[in-house]
Amino acid sequence: MNTVAQPHRSPHLGALIISILITLAIGFTASYFTRPEIPGWYAGLQKPSFSPPNWLFAPVWTSLYIIIGIAAYLVWQRRDGSKLYATTRNIYIAQLVLNFSWSMVFFGMHQMLAAFVIIVLLLISIISCIANFSRFNKAASWLMVPYLLWVSFASILNFSVYLLNK
């Protein structure tokens, strides 16, 4: 596999913190749509037997946002001004937008099928992120795997909830 020439940069704690805070801020903002819907609308939906308890989602998502923020930082550290880096950055931004959009559409608008379409696009963008991140930093691509696994599970859960409540 070809890899991009990767300039070495010394660690920059401020950039790492900013990268983590950006992803956490997106998750926190998305929770604006999610949190109020949990006790009412979401609680009233039929869910599959494999649906995790509601309390589990916040710590899982918080952990994932921290991990993907670290992954983004590792790639940023190896930025080289190439078209590949610009594409990688744009795919990363797109997956953050899709992640945010899913919460807004599923919880805010109660559009489970539209949310499923968004989460499938999110899965595709995460896979693209992993592939592109590996060109800059292998650890960054591996850090995205738990996110991919959780969103894969969330996709199945989303579609199952849709089928049970359509």
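Just so it is clear, none of the values below were taken in a lab; they were calculated from the coordinates. From a predicted model like this one, the values you see are computed outputs, not experimental measurements. Neighbour counts are summed over all protein chains in view; Cβ atoms, including those assigned to glycine, are modelled from backbone coordinates with ideal geometry.
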Checklist entry - In terms of Cα to Cα distance under 20 Å, which lysines are near enough to Lys47, apart from those fewer than 8 places away along the same chain? => result Lys166
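Between Leu148 and Leu24, what's the calculated FRET efficiency when r is the beta-carbon distance and R0 is 22 Å? Round to 0.05.
0.70
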Checklist entry - In straight Cα distance, which lysines are under 20 Å from Lys83, not counting same-chain residues fewer than 8 positions off? => result Lys138
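How big is Rg to Rh over segment 75-166, alpha-carbon atoms, Rh as the Kirkwood inverse-mean-distance radius? Can you show the working numbers first?
Numbers: Rg = 14.7 Å, Rh = 13.8 Å.
For segment 75-166, the value is 1.06.
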Item to check | Calculated on alpha-carbon atoms, Rg and Dmax of segment 37-77 in Å | outcome: 15.1, 45
Checklist entry - Taking the Cα atoms only, what angle lies between the long axis of helix 83-103 and the longest principal axis of the chain, rounded to 10 degrees? => result 20 degrees
Next on the checklist: Neighbour counts of other C-beta atoms within 10 Å: give me Val151, Val161 arranged from fewest to most.
Outcome noted: Val161, Val151
Next on the checklist: Apply the Karplus curve 6.51 cos²θ - 1.76 cosθ + 1.60, θ = phi - 60°, to the phi angles in segment 19-27 and return the couplings in whole Hz, x for Gly and Pro.
Outcome noted: 4, 5, 5, 4, 5, 5, 5, 5, x
Item to check | Sequence-separation-based contact order of the chain, relative, with Cα cut under 8 Å and 6+ spacing, percent | outcome: 33 percent
Checklist entry - Across 5 Å bins from 0, what is the distribution of all Cα-Cα pair distances for the chain, in whole percents? => result 1, 9, 17, 22, 18, 12, 9, 6, 4, 2, 0
